[in-house]
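For reference, the structure is listed below as structure tokens.
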Amino acid sequence: MKQSIVTVALVVPDYDEAIAFFVGTLGFELLEDTPQAPGKRFVRVAPKGGSGAALLLARAATDEQRAAIGNQTGGRVFLFLHTDDFDRDHARLTAAGIAFAGPPRDEDYGRVAVFVDPFGNKWDLVQPKG
């Protein structure tokens with residue numbers, strides 16, 4: 001049996017604001033932006049050249065969903081962005097105004113720094129060892 005996770009839903013306040021951040025700031029590709037029911041779109045983004053899962057940007061439609069924006073994992077790091085050049089991407093993201101929660105650190109698994117997206121989600125920027 002072969003299985004893979006191809007898309008992860010991320011609740012956001014607004015489609016266009018989320019696209020601007022993920023495509024404009026992080027440099028992701030806009031894979032799909034398809035209108036659906038009134039006020040609803042199927043929006044997928046993913047890191048350029050990546051082979052991992054895409055993000056489905058899901059606009060919050062209820063108070064419960066709006067309350068979950070930025071806290072889908074109860075305050076833990078939620079998403080892990082791997083890079084082949086930590087210093088390059090850390091500098092690029094810092095220059096783009098990304099707020100890092102602390103300085104880069106070296107761990108057994110690689111070089112890492114936590115950043116927070118404009119919606120409150122915590123991410124690890126990671127360059128794995130090896």
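What does the helix-only formula give at 222 nm for the chain: each DSSP H stretch with n ≥ 4 adding -39500 (n - 2.57), the total divided by the residues, and the result rounded to the nearest 500 deg cm²/dmol? Walk me through the numbers before you get to the answer.
Numbers: 3 runs with 21 residues, N = 130.
Computed ellipticity for the chain at 222 nm equals -4000 deg cm²/dmol.
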Query raised in the report: Using r as the Cβ-Cβ distance of Val114 and Thr25, and R0 as 22 Å, what FRET efficiency do you calculate, to the nearest 0.05?
Result: 0.85
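Give the percent of DSSP beta bridges with both residues in the chain that are antiparallel, rounded to the nearest 5.
Values: 22 of 33 bridges.
The antiparallel proportion sits near 65 percent.
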**Report entry** Formal net charge of residues neighbouring Leu79 (Cβ-Cβ distance under 9 Å; K, R +1; D, E -1)
**Finding:** -1
Query raised in the report: To the nearest 10 degrees, how steeply does helix 86-95 sit against the main Cα axis of the chain, on a 0 to 90 scale?
Result: 60 degrees
Query raised in the report: By DSSP, what percent of the beta bridges with both residues in the range 66-130 are antiparallel, rounded to the nearest 5?
Result: 70 percent
Requested in this report: First measure r as the distance between the Cβ atoms of Thr62 and Glu17, then evaluate 1/(1 + (r/R0)^6) with R0 = 25 Å and state the FRET efficiency to the nearest 0.05.
Outcome: 0.85
Requested in this report: With just the Cα atoms of the chain, tell me how far they stretch along each of the three principal axes, in Å, largest first.
Outcome: 46, 36, 28
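Net charge near Ala95: determine it from the other residues with C-beta under 13 Å of the C-beta of Ala95, scoring Lys and Arg +1 and Asp and Glu -1.
On the way: positive: Arg88, Arg92; negative: Asp87, Asp89.
Net local charge, Ala95 excluded: 0.
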Report summary line: Whole-Å distance linking the alpha carbon centroid of the range 67-90 with that of the range 37-52 is 17 Å
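Values quoted throughout were computed directly from the atomic coordinates according to the rules given, and no laboratory measurement underlies them. Every value quoted in this text rests on a predicted model; they were computed, and no experiment measured them. Don't worry about glycine lacking a Cβ; one is built from the backbone with ideal geometry, like all the others, and counts go over all protein chains shown.
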